[in-house]
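The values are calculated or read from the model by the stated rules, or taken from the named source; none is laboratory data. Keep in mind that what you see is a predicted model, and the values were worked out from it rather than measured. Cβ placement follows ideal geometry from the backbone for every residue including glycine, while neighbour counts extend to all protein chains displayed. Just the protein is used for accessible areas: all its heavy atoms, side chains included, with ligands, DNA and RNA removed. Shrake-Rupley method; radii C 1.70, N 1.55, O 1.52, S 1.80 Å.
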Amino acid sequence: MKLIIQISFVYLSVQNILMKKIFFLLFAVCGTFCLAQKQFQPAGSSVIETVDGDLDGDKIPEKVIIYNTKDTTDMGNIREIQILKKTGGAWTILEKSRNAVMESNGGGMMGDPYGETKIEKGILIISQNGGSSWKWDVTDKYRFQNGHFELIGTSSTSGRPGDYWKEIDFNLSTGQLNYSKEVENTAEYGKSLKETYIKKGLKINLQNRNQKKQQKIVLPKTKEEVYF
């Protein structure tokens, strides 16, 4: 009986030591990142979302943080995205931007347009949406290349049930733009349209996304206008 008690005591002691080590490591990791976040966090801002994932192919996860800053425009609070990379045991900013994520009232009647940020197979994906009876949503995909996070693809939908619904899928890497407009109210908006167009050479990244003066593409067959 004494032997069983002794073995149980040793087992519990080992478990306790292991748990303490795990908690210490977690505390150390969290503490290091919290210090980095405080170091780079814009004054007076709050964190909207934090996402981890490898974005530059070195098998070491980066940290993506979306901040709601105290700075404002006529569209509400400016959002800042920061991508932090750990180098030599210290966190540094790989890239940051105040253009990729829309302001807090950028969704119009629906208010905050921010949807989510995620990382899939090394690609940074940002989704946003807004509108009222007329609705829209857009999903941007960025890849780290040429020293920046470049937009490699964007897809969007917009419209209103009963009138029409547009869908745009633009692969900036290949230049292929797929456009469709499904019209229900043909009396006012005409017939449904579809077109595939190749447009290469557009350079959009985290820094110059969502500019006031947008780039426009006029599709040659349907004469529909597409803005970026």
TODO: Determine if region 91-111 includes at least one residue that is within 12 Å of the chain's Cα centre (by Cα) and of a type in the set (Ser, Thr, Tyr).
DONE: yes
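Can you tell which of 164, 142 is touching a helix residue (DSSP H, G or I) at 6+ places or on another chain (Cβ under 8 Å) and not acidic (Asp, Glu)? Write out each step before concluding.
On the way: 142 fails: touching a helix residue (DSSP H, G or I) at 6+ places or on another chain (Cβ under 8 Å).
That would be 164, the only listed residue that is touching a helix residue (DSSP H, G or I) at 6+ places or on another chain (Cβ under 8 Å) and not acidic (Asp, Glu).
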Open item on the list: Can you list residue pairs whose Cβ atoms sit under 7 Å apart, with the first residue in region 191-213 being more than 19 Å from residue 127 (Cβ to Cβ) and open to solvent by 60 Å² or more (accessible area, probe 1.4 Å) and the second being part of a loop (DSSP other than H, G, I, E, B) and among the small types (Gly, Ala, Ser)? Count only pairs 6 or more apart in sequence or on different chains.
Closed with: 198/175; 199/175; 200/175
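Per-residue answers, yes or no, for (1) among the basic types (Lys, Arg); (2) surrounded by fewer than 16 Cβ atoms within 10 Å (Cβ to Cβ); (3) within 12 Å of the chain's Cα centre (by Cα):
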| site | (1), (2), (3) |
| --- | --- |
| 38 | yes, yes, no |
| 47 | no, yes, no |
| 51 | no, no, yes |
| 54 | no, yes, no |
| 82 | no, no, yes |
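Being assigned to a strand (DSSP E or B) and of a type outside the set (A, V, I, L, M) is the filter; apply it to region 92-107 and report the residue that is surrounded by the most Cβ atoms within 10 Å (Cβ to Cβ). Full working, then the answer.
Looking only at region 92-107, we keep the residues that are assigned to a strand (DSSP E or B), and these are 92-97.
Restricting the remaining residues to those that are of a type outside the set (A, V, I, L, M) gives 92, 95-97.
Working: 92: 12, 95: 22, 96: 17, 97: 20.
Once the filter is applied, the top-ranked residue is 95.
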TODO: Identify the residue in region 58-80 that is within 18 Å of residue 125 (Cβ to Cβ) and basic (Lys, Arg) and, among all such residues, is surrounded by the fewest Cβ atoms within 10 Å (Cβ to Cβ).
DONE: 63
Open item on the list: What's the total number of residues in region 169-228 that are part of a loop (DSSP other than H, G, I, E, B), hydrophobic (A, V, I, L, M, F, W, C) and over 18 Å from residue 158 (Cβ atoms)?
Closed with: 4
- [ ] Can you give me the number of residues within region 173-190 that are of a type in the set (A, V, I, L, M, F, W, C) and either within 28 Å of the chain's Cα centre (by Cα) or open to solvent by less than 80 Å² (accessible area, probe 1.4 Å) (or both)?
- [x] 2
